[in-house]
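Note sheet for the following structure.
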C-alpha cells in the first residue's frame, strides 16, 4: 500500500519513497532525535533523474527518465513483501504519484495555525481526485489527523 503522509508519527512504515529535493532536507534531521533515528534506520528509495549515488544509510537510488519509470518502479515496490510505504517527497513527487493513481491512502495533518503563505501541496494536480474520509484523530496539541482513501484509482 502506498500512503501519502504528512504526519511522521502516524507513518511507521517499512519503506520510504522520496525525490532528490526532499532527500536534501531529510538527510540529517539530527535536531529531531526520534524522527532522525526512525528515518535513519528505515529502508529508503530515492527517485532521481540527476543523482548518481545515494550515501544515506539503508538507501537505494532508482534512476528515472520519466513518470512512466516511476509508475513501473512503484508498482514493483508495492508487490514486495512488507507493510506500507510512505512518501516523503515534495509537492512534485506527491503530484506525480497522485496523477499516476498510485496512492492508496492519504494521511493529512491539520495544524492549528494559519501561515498565510507556503507552497501549495496539490498545485500540480491536473485531475480532481475524490477522497473518502476513513478515520480522523485529534491530538492534545490541537493537531487533527485525517485519513482518506481515493474513491477512484486511475491507473
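Here are the numbers for the structure shown:
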item: Segments 138-144, 81-87, 56-62, 96-102 sorted - mean Cβ within 10 Å per residue, highest first; result: 96-102, 81-87, 56-62, 138-144
item: Approximate shape of segment 64-116 as ellipsoid semi-axes (Cα gyration tensor, √5λ), whole Å, largest first; result: 25, 15, 8
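Computed from the coordinates by the stated procedures, all read-outs in this text should not be read as laboratory data. The shown structure was predicted, so the numbers you read here are calculated from the model rather than taken from an experiment. Cβ sites come from the backbone with ideal geometry, for glycine too, and all protein chains shown count toward neighbours.
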